[in-house]
Amino acid sequence: MKRSCFLVMILVLPVSVRAYQPDTWTLERCISYALDKNINLKIQRNLEKKAGYSRRQSQWNLLPTVSGYGNSGFDFRRSTNQNNDISSGNSYTMSYGLSSSFSLFAGFTQMNSIAANRFNELACGEETKLAVNTLIIGIIEQFTQVIYQKALVAVAREQLDVSIHESERIAATIEAGQMEAVALREINATVSGNRLLLNRAENEYQLLRLKLAQLIEIQEDSTFDVSSAGLDDQLPVPSKWTVDSVYLSACQGYPSVVQREYQLAYYRKQLSISKGNMAPSISMSGGYSSGFYSTDTLPNGKHTPIESQFNNYLNPSLGISLAIPILSGRARNYQVKQSRVDVENAVYNLENQKKQIRQEIEQAIFRLEAFHLEYRSAADNLAFAEQSFESYREKYRLGLINTTDFMNAQNQLMQARSSLLQAHYSWIVQEKTIELYIKQP
(Lines give C-alpha, C1' and ligand atoms only; values in the text may rest on other atoms or scores of the structure.)
Protein backbone atom coordinates (compact mmCIF):
# COMPACT_ATOMS: atom_id res chain seq x y z
CA MET A 1 0.00 0.00 0.00
CA LYS A 2 2.80 2.43 0.89
CA ARG A 3 4.61 1.56 -2.33
CA SER A 4 1.47 2.31 -4.37
CA CYS A 5 1.03 5.69 -2.68
CA PHE A 6 4.66 6.51 -3.32
CA LEU A 7 4.29 5.72 -7.02
CA VAL A 8 1.18 7.89 -7.27
CA MET A 9 3.03 10.78 -5.66
CA ILE A 10 5.89 10.40 -8.12
CA LEU A 11 3.47 10.52 -11.05
CA VAL A 12 1.35 13.40 -9.76
CA LEU A 13 4.11 15.65 -8.41
CA PRO A 14 5.60 16.71 -11.78
CA VAL A 15 2.12 17.54 -13.04
CA SER A 16 1.45 19.70 -10.00
CA VAL A 17 4.79 21.46 -10.36
CA ARG A 18 4.07 22.24 -14.02
CA ALA A 19 0.58 23.45 -13.13
CA TYR A 20 1.89 26.09 -10.72
CA GLN A 21 4.97 27.01 -12.73
CA PRO A 22 4.77 30.72 -13.73
CA ASP A 23 4.08 31.46 -17.37
CA THR A 24 6.81 33.97 -18.15
CA TRP A 25 6.08 36.74 -20.67
CA THR A 26 8.78 38.90 -22.24
CA LEU A 27 8.13 42.30 -23.81
CA GLU A 28 8.35 40.83 -27.31
CA ARG A 29 5.85 38.09 -26.47
CA CYS A 30 3.40 40.60 -25.01
CA ILE A 31 3.59 42.79 -28.12
CA SER A 32 3.23 39.84 -30.51
CA TYR A 33 0.23 38.47 -28.61
CA ALA A 34 -1.51 41.84 -28.39
CA LEU A 35 -1.06 42.58 -32.10
CA ASP A 36 -2.83 39.32 -32.85
CA LYS A 37 -5.62 39.54 -30.25
CA ASN A 38 -6.39 43.23 -29.78
CA ILE A 39 -10.03 43.85 -30.73
CA ASN A 40 -9.64 47.53 -31.62
CA LEU A 41 -6.83 46.60 -33.97
CA LYS A 42 -9.03 43.96 -35.59
CA ILE A 43 -11.73 46.60 -36.12
CA GLN A 44 -9.22 48.94 -37.75
CA ARG A 45 -7.99 46.16 -40.04
CA ASN A 46 -11.58 45.50 -41.07
CA LEU A 47 -11.99 49.19 -41.92
CA GLU A 48 -8.90 48.94 -44.09
CA LYS A 49 -10.36 45.88 -45.81
CA LYS A 50 -13.64 47.75 -46.35
CA ALA A 51 -11.76 50.63 -47.98
CA GLY A 52 -10.14 48.10 -50.31
CA TYR A 53 -13.56 46.83 -51.34
CA SER A 54 -14.65 50.40 -52.15
CA ARG A 55 -11.59 50.88 -54.33
CA ARG A 56 -12.22 47.65 -56.24
CA GLN A 57 -15.89 48.54 -56.68
CA SER A 58 -14.93 51.85 -58.28
CA GLN A 59 -12.76 49.93 -60.74
CA TRP A 60 -15.64 47.63 -61.65
CA ASN A 61 -17.79 50.70 -62.29
CA LEU A 62 -15.80 51.29 -65.48
CA LEU A 63 -17.46 48.26 -67.07
CA PRO A 64 -20.84 48.51 -68.83
CA THR A 65 -23.89 47.67 -66.78
CA VAL A 66 -26.00 44.81 -68.12
CA SER A 67 -29.36 43.81 -66.69
CA GLY A 68 -32.17 41.54 -67.76
CA TYR A 69 -35.84 42.23 -67.28
CA GLY A 70 -39.21 40.64 -67.84
CA ASN A 71 -42.81 41.60 -67.15
CA SER A 72 -46.24 40.23 -67.88
CA GLY A 73 -49.83 41.43 -67.79
CA PHE A 74 -53.30 39.92 -67.82
CA ASP A 75 -56.51 41.27 -69.39
CA PHE A 76 -59.84 39.79 -68.31
CA ARG A 77 -62.36 41.44 -70.66
CA ARG A 78 -61.03 42.96 -73.83
CA SER A 79 -57.70 42.85 -75.65
CA THR A 80 -56.16 43.73 -78.98
CA ASN A 81 -54.60 41.18 -81.28
CA GLN A 82 -51.78 41.64 -83.78
CA ASN A 83 -54.25 43.04 -86.31
CA ASN A 84 -55.47 45.66 -83.84
CA ASP A 85 -58.83 43.93 -83.67
CA ILE A 86 -60.59 44.10 -80.33
CA SER A 87 -61.61 40.75 -78.95
CA SER A 88 -63.22 39.70 -75.70
CA GLY A 89 -62.06 37.15 -73.21
CA ASN A 90 -58.96 36.57 -71.06
CA SER A 91 -55.53 37.30 -72.50
CA TYR A 92 -52.00 37.86 -71.30
CA THR A 93 -48.82 39.47 -72.57
CA MET A 94 -45.16 39.06 -71.68
CA SER A 95 -42.09 41.11 -72.60
CA TYR A 96 -38.46 40.36 -71.84
CA GLY A 97 -34.98 41.43 -72.83
CA LEU A 98 -31.56 42.77 -71.91
CA SER A 99 -30.51 46.38 -71.40
CA SER A 100 -27.05 47.85 -71.12
CA SER A 101 -25.48 51.26 -70.55
CA PHE A 102 -21.93 52.54 -70.74
CA SER A 103 -20.51 55.91 -69.80
CA LEU A 104 -18.35 57.34 -72.57
CA PHE A 105 -17.41 60.58 -70.84
CA ALA A 106 -18.31 62.09 -67.47
CA GLY A 107 -15.62 64.63 -66.76
CA PHE A 108 -13.15 61.88 -65.81
CA THR A 109 -15.11 61.40 -62.57
CA GLN A 110 -14.78 57.61 -62.70
CA MET A 111 -11.00 57.60 -63.00
CA ASN A 112 -10.72 60.24 -60.28
CA SER A 113 -13.06 58.18 -58.11
CA ILE A 114 -10.76 55.16 -58.47
CA ALA A 115 -7.75 57.28 -57.49
CA ALA A 116 -9.62 58.82 -54.54
CA ASN A 117 -10.65 55.40 -53.21
CA ARG A 118 -7.09 54.19 -53.65
CA PHE A 119 -5.74 57.05 -51.53
CA ASN A 120 -8.46 56.41 -48.96
CA GLU A 121 -7.41 52.77 -48.78
CA LEU A 122 -3.77 53.78 -48.30
CA ALA A 123 -4.78 56.27 -45.59
CA CYS A 124 -6.69 53.50 -43.78
CA GLY A 125 -3.59 51.33 -44.01
CA GLU A 126 -1.48 54.02 -42.38
CA GLU A 127 -4.13 54.44 -39.69
CA THR A 128 -3.78 50.72 -38.98
CA LYS A 129 -0.01 51.14 -38.66
CA LEU A 130 -0.55 54.09 -36.33
CA ALA A 131 -2.88 51.98 -34.19
CA VAL A 132 -0.16 49.32 -34.05
CA ASN A 133 2.42 51.90 -32.93
CA THR A 134 0.06 53.30 -30.30
CA LEU A 135 -0.60 49.81 -28.94
CA ILE A 136 3.12 48.98 -28.88
CA ILE A 137 3.98 52.17 -26.99
CA GLY A 138 1.21 51.48 -24.48
CA ILE A 139 2.49 47.96 -23.90
CA ILE A 140 6.07 49.15 -23.50
CA GLU A 141 5.04 51.74 -20.92
CA GLN A 142 2.85 49.32 -18.98
CA PHE A 143 5.38 46.49 -19.19
CA THR A 144 8.24 48.64 -17.87
CA GLN A 145 6.01 49.81 -15.00
CA VAL A 146 5.38 46.17 -14.08
CA ILE A 147 9.10 45.34 -14.28
CA TYR A 148 9.94 48.43 -12.25
CA GLN A 149 7.39 47.58 -9.56
CA LYS A 150 8.57 43.96 -9.51
CA ALA A 151 12.09 45.22 -8.81
CA LEU A 152 10.74 47.48 -6.05
CA VAL A 153 9.11 44.43 -4.47
CA ALA A 154 12.50 42.72 -4.44
CA VAL A 155 14.10 45.81 -2.86
CA ALA A 156 11.35 46.03 -0.22
CA ARG A 157 11.69 42.33 0.55
CA GLU A 158 15.46 42.69 0.95
CA GLN A 159 14.93 45.67 3.25
CA LEU A 160 12.50 43.62 5.33
CA ASP A 161 14.97 40.72 5.51
CA VAL A 162 17.70 43.07 6.72
CA SER A 163 15.49 44.51 9.45
CA ILE A 164 14.34 41.00 10.49
CA HIS A 165 17.96 39.92 10.71
CA GLU A 166 18.77 42.92 12.86
CA SER A 167 15.73 42.18 15.03
CA GLU A 168 16.93 38.62 15.58
CA ARG A 169 20.43 39.85 16.37
CA ILE A 170 19.14 42.39 18.87
CA ALA A 171 16.89 39.79 20.49
CA ALA A 172 19.92 37.53 20.97
CA THR A 173 21.93 40.46 22.36
CA ILE A 174 19.16 41.33 24.84
CA GLU A 175 18.92 37.70 25.89
CA ALA A 176 22.64 37.77 26.56
CA GLY A 177 22.13 40.85 28.76
CA GLN A 178 24.16 43.19 26.55
CA MET A 179 21.29 45.49 25.47
CA GLU A 180 18.10 46.88 26.92
CA ALA A 181 14.69 45.53 25.86
CA VAL A 182 13.61 48.92 24.48
CA ALA A 183 15.89 48.40 21.49
CA LEU A 184 13.90 45.36 20.46
CA ARG A 185 10.65 47.33 20.41
CA GLU A 186 12.24 49.96 18.21
CA ILE A 187 13.59 47.48 15.67
CA ASN A 188 10.31 45.57 15.69
CA ALA A 189 8.56 48.80 14.74
CA THR A 190 11.01 49.04 11.86
CA VAL A 191 10.25 45.46 10.83
CA SER A 192 6.53 46.18 10.95
CA GLY A 193 6.95 49.30 8.81
CA ASN A 194 9.08 47.44 6.27
CA ARG A 195 6.50 44.66 6.10
CA LEU A 196 3.82 47.26 5.38
CA LEU A 197 5.95 48.75 2.60
CA LEU A 198 6.43 45.28 1.15
CA ASN A 199 2.69 44.60 1.20
CA ARG A 200 2.00 47.89 -0.54
CA ALA A 201 4.65 47.18 -3.17
CA GLU A 202 3.26 43.70 -3.80
CA ASN A 203 -0.30 45.03 -4.11
CA GLU A 204 0.80 47.68 -6.58
CA TYR A 205 2.70 45.04 -8.56
CA GLN A 206 -0.36 42.80 -8.73
CA LEU A 207 -2.50 45.72 -9.91
CA LEU A 208 -0.02 46.73 -12.61
CA ARG A 209 0.30 43.12 -13.71
CA LEU A 210 -3.48 42.91 -14.02
CA LYS A 211 -3.56 46.08 -16.13
CA LEU A 212 -0.88 44.66 -18.42
CA ALA A 213 -2.85 41.43 -18.83
CA GLN A 214 -5.97 43.45 -19.69
CA LEU A 215 -4.04 45.57 -22.17
CA ILE A 216 -2.73 42.58 -24.10
CA GLU A 217 -6.12 40.88 -23.62
CA ILE A 218 -5.18 37.68 -21.86
CA GLN A 219 -6.93 36.04 -18.95
CA GLU A 220 -4.79 37.06 -16.00
CA ASP A 221 -4.17 34.31 -13.49
CA SER A 222 -1.62 33.34 -10.88
CA THR A 223 0.72 31.82 -13.49
CA PHE A 224 1.12 35.07 -15.46
CA ASP A 225 4.51 36.62 -14.81
CA VAL A 226 6.80 39.02 -16.65
CA SER A 227 10.48 38.79 -17.42
CA SER A 228 12.92 41.64 -17.94
CA ALA A 229 15.04 39.51 -20.28
CA GLY A 230 16.50 41.74 -22.96
CA LEU A 231 15.74 44.95 -21.06
CA ASP A 232 18.24 44.80 -18.21
CA ASP A 233 21.05 44.59 -20.77
CA GLN A 234 19.97 47.87 -22.38
CA LEU A 235 21.87 50.29 -20.20
CA PRO A 236 21.39 54.02 -20.80
CA VAL A 237 23.99 55.51 -23.14
CA PRO A 238 24.37 58.95 -24.71
CA SER A 239 21.81 59.63 -27.44
CA LYS A 240 22.96 58.73 -30.96
CA TRP A 241 20.11 60.63 -32.61
CA THR A 242 19.39 64.26 -33.35
CA VAL A 243 16.01 65.90 -33.66
CA ASP A 244 16.52 66.67 -37.35
CA SER A 245 17.52 63.11 -38.30
CA VAL A 246 14.61 61.50 -36.46
CA TYR A 247 12.17 64.12 -37.76
CA LEU A 248 13.33 63.59 -41.36
CA SER A 249 12.82 59.85 -41.01
CA ALA A 250 9.38 60.36 -39.44
CA CYS A 251 8.25 62.69 -42.24
CA GLN A 252 9.17 60.02 -44.77
CA GLY A 253 7.46 57.07 -43.18
CA TYR A 254 5.72 57.63 -39.86
CA PRO A 255 2.06 56.51 -40.21
CA SER A 256 0.39 59.67 -38.88
CA VAL A 257 2.31 61.86 -41.36
CA VAL A 258 1.87 59.53 -44.34
CA GLN A 259 -1.83 59.20 -43.50
CA ARG A 260 -2.26 62.99 -43.71
CA GLU A 261 -0.46 63.00 -47.05
CA TYR A 262 -2.81 60.36 -48.46
CA GLN A 263 -5.81 62.26 -47.11
CA LEU A 264 -4.58 65.39 -48.90
CA ALA A 265 -4.30 63.43 -52.15
CA TYR A 266 -7.77 61.98 -51.54
CA TYR A 267 -9.39 65.41 -51.14
CA ARG A 268 -7.61 66.69 -54.23
CA LYS A 269 -9.18 63.87 -56.21
CA GLN A 270 -12.54 64.70 -54.65
CA LEU A 271 -12.08 68.25 -55.93
CA SER A 272 -11.42 66.89 -59.42
CA ILE A 273 -14.61 64.82 -59.15
CA SER A 274 -16.61 67.90 -58.14
CA LYS A 275 -15.24 69.80 -61.11
CA GLY A 276 -15.95 66.85 -63.41
CA ASN A 277 -19.60 66.85 -62.38
CA MET A 278 -19.92 70.29 -64.02
CA ALA A 279 -18.90 68.92 -67.41
CA PRO A 280 -21.31 67.41 -69.97
CA SER A 281 -21.66 63.65 -69.86
CA ILE A 282 -22.05 61.25 -72.75
CA SER A 283 -23.38 57.73 -72.35
CA MET A 284 -24.35 54.92 -74.65
CA SER A 285 -27.20 52.51 -74.08
CA GLY A 286 -28.48 49.45 -75.84
CA GLY A 287 -31.23 46.87 -75.57
CA TYR A 288 -32.34 43.54 -76.96
CA SER A 289 -35.98 42.71 -76.28
CA SER A 290 -38.93 40.74 -77.50
CA GLY A 291 -42.36 39.63 -76.29
CA PHE A 292 -45.18 37.12 -76.35
CA TYR A 293 -48.91 37.84 -76.74
CA SER A 294 -51.71 35.35 -76.22
CA THR A 295 -53.86 37.27 -78.72
CA ASP A 296 -51.34 36.71 -81.50
CA THR A 297 -52.89 33.85 -83.46
CA LEU A 298 -52.37 32.05 -86.76
CA PRO A 299 -55.03 32.01 -89.51
CA ASN A 300 -56.23 28.67 -88.15
CA GLY A 301 -56.91 30.29 -84.77
CA LYS A 302 -54.04 28.68 -82.88
CA HIS A 303 -51.53 30.70 -80.85
CA THR A 304 -48.46 31.82 -82.73
CA PRO A 305 -45.47 29.78 -81.42
CA ILE A 306 -43.08 31.44 -79.02
CA GLU A 307 -40.18 31.09 -81.47
CA SER A 308 -42.10 32.91 -84.17
CA GLN A 309 -43.22 35.67 -81.82
CA PHE A 310 -39.65 36.09 -80.60
CA ASN A 311 -38.51 36.88 -84.13
CA ASN A 312 -41.60 38.95 -84.94
CA TYR A 313 -41.27 41.22 -81.92
CA LEU A 314 -37.47 41.25 -81.67
CA ASN A 315 -36.29 44.82 -81.10
CA PRO A 316 -32.53 45.50 -80.84
CA SER A 317 -31.77 49.12 -79.94
CA LEU A 318 -28.75 51.37 -79.56
CA GLY A 319 -28.61 54.97 -78.43
CA ILE A 320 -26.30 57.75 -77.34
CA SER A 321 -27.35 60.42 -74.87
CA LEU A 322 -25.81 63.76 -73.98
CA ALA A 323 -26.49 65.49 -70.66
CA ILE A 324 -25.48 69.11 -70.19
CA PRO A 325 -25.87 70.56 -66.68
CA ILE A 326 -27.51 73.96 -67.02
CA LEU A 327 -29.21 74.77 -63.73
CA SER A 328 -29.22 72.70 -60.55
CA GLY A 329 -29.59 75.30 -57.84
CA ARG A 330 -25.80 75.91 -57.92
CA ALA A 331 -25.36 72.58 -56.18
CA ARG A 332 -22.34 71.71 -58.34
CA ASN A 333 -20.74 75.12 -57.77
CA TYR A 334 -21.03 74.84 -54.03
CA GLN A 335 -19.75 71.27 -54.13
CA VAL A 336 -16.57 72.52 -55.82
CA LYS A 337 -16.18 75.24 -53.20
CA GLN A 338 -16.66 72.73 -50.37
CA SER A 339 -14.08 70.44 -51.95
CA ARG A 340 -11.59 73.33 -52.10
CA VAL A 341 -12.14 73.91 -48.38
CA ASP A 342 -11.49 70.22 -47.71
CA VAL A 343 -8.21 70.42 -49.64
CA GLU A 344 -7.16 73.52 -47.73
CA ASN A 345 -7.93 71.87 -44.39
CA ALA A 346 -6.05 68.75 -45.45
CA VAL A 347 -2.98 70.92 -46.11
CA TYR A 348 -3.32 72.47 -42.66
CA ASN A 349 -3.79 69.05 -41.04
CA LEU A 350 -0.61 67.77 -42.69
CA GLU A 351 1.34 70.83 -41.58
CA ASN A 352 -0.05 70.56 -38.06
CA GLN A 353 0.74 66.83 -37.89
CA LYS A 354 4.36 67.44 -38.87
CA LYS A 355 4.62 70.17 -36.25
CA GLN A 356 3.16 67.84 -33.61
CA ILE A 357 5.53 65.02 -34.60
CA ARG A 358 8.52 67.33 -34.32
CA GLN A 359 7.42 68.45 -30.85
CA GLU A 360 7.01 64.82 -29.75
CA ILE A 361 10.47 63.96 -31.10
CA GLU A 362 12.06 66.97 -29.41
CA GLN A 363 10.52 65.97 -26.09
CA ALA A 364 11.45 62.29 -26.51
CA ILE A 365 15.10 63.05 -27.29
CA PHE A 366 15.26 65.55 -24.42
CA ARG A 367 13.87 62.93 -22.02
CA LEU A 368 16.23 60.32 -23.43
CA GLU A 369 19.29 62.43 -22.66
CA ALA A 370 17.84 63.57 -19.33
CA PHE A 371 17.20 60.00 -18.18
CA HIS A 372 20.72 59.03 -19.26
CA LEU A 373 22.21 61.74 -17.06
CA GLU A 374 19.77 60.85 -14.28
CA TYR A 375 20.80 57.20 -14.52
CA ARG A 376 24.48 58.10 -14.17
CA SER A 377 23.76 60.28 -11.14
CA ALA A 378 21.50 57.60 -9.66
CA ALA A 379 24.23 54.96 -10.14
CA ASP A 380 26.75 57.14 -8.29
CA ASN A 381 24.18 57.88 -5.58
CA LEU A 382 23.46 54.16 -5.15
CA ALA A 383 27.15 53.36 -4.76
CA PHE A 384 27.52 55.95 -2.00
CA ALA A 385 24.21 54.94 -0.42
CA GLU A 386 25.34 51.31 -0.18
CA GLN A 387 28.61 52.34 1.45
CA SER A 388 26.75 54.68 3.79
CA PHE A 389 24.26 51.98 4.75
CA GLU A 390 26.99 49.48 5.57
CA SER A 391 28.65 52.12 7.72
CA TYR A 392 25.40 52.93 9.51
CA ARG A 393 24.60 49.26 10.02
CA GLU A 394 27.98 48.69 11.62
CA LYS A 395 27.49 51.70 13.87
CA TYR A 396 24.02 50.45 14.75
CA ARG A 397 25.40 47.07 15.75
CA LEU A 398 27.99 48.80 17.92
CA GLY A 399 25.27 50.93 19.55
CA LEU A 400 26.69 54.20 18.25
CA ILE A 401 23.43 55.26 16.60
CA ASN A 402 19.76 54.66 17.38
CA THR A 403 17.09 52.84 15.40
CA THR A 404 15.84 56.05 13.79
CA ASP A 405 19.23 56.72 12.21
CA PHE A 406 19.37 53.12 11.00
CA MET A 407 15.90 53.42 9.44
CA ASN A 408 16.89 56.65 7.69
CA ALA A 409 19.95 54.98 6.21
CA GLN A 410 17.86 52.01 5.10
CA ASN A 411 15.25 54.27 3.49
CA GLN A 412 17.97 56.25 1.78
CA LEU A 413 19.36 53.06 0.26
CA MET A 414 15.90 51.99 -0.90
CA GLN A 415 15.28 55.38 -2.47
CA ALA A 416 18.62 55.23 -4.28
CA ARG A 417 17.80 51.82 -5.74
CA SER A 418 14.34 53.00 -6.73
CA SER A 419 15.75 56.08 -8.49
CA LEU A 420 18.22 53.96 -10.45
CA LEU A 421 15.50 51.56 -11.58
CA GLN A 422 13.15 54.37 -12.51
CA ALA A 423 15.78 56.17 -14.60
CA HIS A 424 16.74 52.89 -16.29
CA TYR A 425 13.26 51.85 -17.38
CA SER A 426 12.19 55.40 -18.24
CA TRP A 427 15.19 55.61 -20.58
CA ILE A 428 14.16 52.32 -22.22
CA VAL A 429 10.65 53.66 -22.89
CA GLN A 430 12.02 56.76 -24.61
CA GLU A 431 14.57 54.71 -26.55
CA LYS A 432 11.95 52.38 -27.97
CA THR A 433 9.56 55.26 -28.66
CA ILE A 434 12.18 57.00 -30.79
CA GLU A 435 12.89 53.73 -32.59
CA LEU A 436 9.25 53.63 -33.68
CA TYR A 437 9.66 57.02 -35.36
CA ILE A 438 12.53 55.56 -37.40
CA LYS A 439 11.60 51.91 -37.90
CA GLN A 440 8.11 51.67 -39.29
CA PRO A 441 6.02 48.46 -39.01
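Residues of segment 40-73 that are of a type in the set (S, T, N, Q), more than 23 Å from the chain's Cα centre (by Cα) and open to solvent by less than 90 Å² (accessible area, probe 1.4 Å): 58, 59, 61, 65, 67, 71, 72.
For (1) touching a residue at least 12 places away in the same chain (Cβ under 8 Å); (2) in a helix (DSSP H, G or I); (3) touching a helix residue (DSSP H, G or I) at 6+ places or on another chain (Cβ under 8 Å); (4) surrounded by 19 or more Cβ atoms within 10 Å (Cβ to Cβ), each residue gets a yes or a no:
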| site | (1), (2), (3), (4) |
| --- | --- |
| 155 | yes, yes, yes, yes |
| 166 | yes, yes, yes, yes |
| 170 | yes, yes, yes, yes |
| 193 | yes, yes, yes, no |
| 213 | no, yes, no, yes |
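Of the residues making up segment 244-269, those that are buried (at least 16 other Cβ atoms within 10 Å of the Cβ) and more than 25 Å from the chain's Cα centre (by Cα) are 268, 269. Filtering segment 382-395 for residues that are of a type in the set (A, V, I, L, M, F, W, C), under 19 Å from residue 232 (Cβ atoms), open to solvent by less than 80 Å² (accessible area, probe 1.4 Å) and modelled with pLDDT of 90 or more leaves a non-empty set. Return a yes/no flag: does segment 272-289 have any residue that is touching a residue at least 60 places away in the same chain (Cβ under 8 Å), in contact with an Asp or Glu (Cβ under 9 Å, 6 or more places away or on another chain) and within 30 Å of residue 122 (Cβ to Cβ). Scanning segment 272-289, I find no residue that is touching a residue at least 60 places away in the same chain (Cβ under 8 Å), in contact with an Asp or Glu (Cβ under 9 Å, 6 or more places away or on another chain) and within 30 Å of residue 122 (Cβ to Cβ), so the answer is no.
Of all residues in segment 270-311, those that are open to solvent by 70 Å² or more (accessible area, probe 1.4 Å), under 26 Å from residue 340 (Cα atoms) and assigned to a helix (DSSP H, G or I) total 1.
Scanning segment 313-335 for residues that are open to solvent by 100 Å² or more (accessible area, probe 1.4 Å) and touching a residue at least 40 places away in the same chain (Cβ under 8 Å) gives 320, 322, 324.
Restricting to segment 396-407, name every residue that is over 52 Å from the mean Cα position of the chain (by Cα) and either loosely packed, with under 14 Cβ neighbours inside 10 Å or at positive phi (or both). Once the filter is applied, which keeps residues that are over 52 Å from the mean Cα position of the chain (by Cα) and either loosely packed, with under 14 Cβ neighbours inside 10 Å or at positive phi (or both), segment 396-407 yields 398, 399, 400, 402.
Across segment 88-101, the qualifying residues are those that are loosely packed, with under 14 Cβ neighbours inside 10 Å and on the phi < 0 side of the Ramachandran plot, and the one among them that is modelled with the lowest pLDDT is 88. Inclusion of residue 344 among residues that are surrounded by fewer than 16 Cβ atoms within 10 Å (Cβ to Cβ), of a type outside the set (Lys, Arg) and modelled with pLDDT under 95 is not warranted.
Taking segment 123-141, which residues are under 20 Å from residue 42 (Cβ atoms) and open to solvent by 30 Å² or more (accessible area, probe 1.4 Å)? 127, 129, 130, 131, 134, 137, listed by residue number.
The values are calculated or read from the model by the stated rules, or taken from the named source; none is laboratory data. Since the model is a prediction, treat every value here as computed from it, not as a measurement. Cβ: placed from backbone, ideal geometry, glycine included. Neighbour counts: every protein chain shown. The protein model used for the area step is the full one, side chains on, heavy atoms only, and it has no ligands, DNA or RNA in it. Shrake-Rupley method; radii C 1.70, N 1.55, O 1.52, S 1.80 Å.
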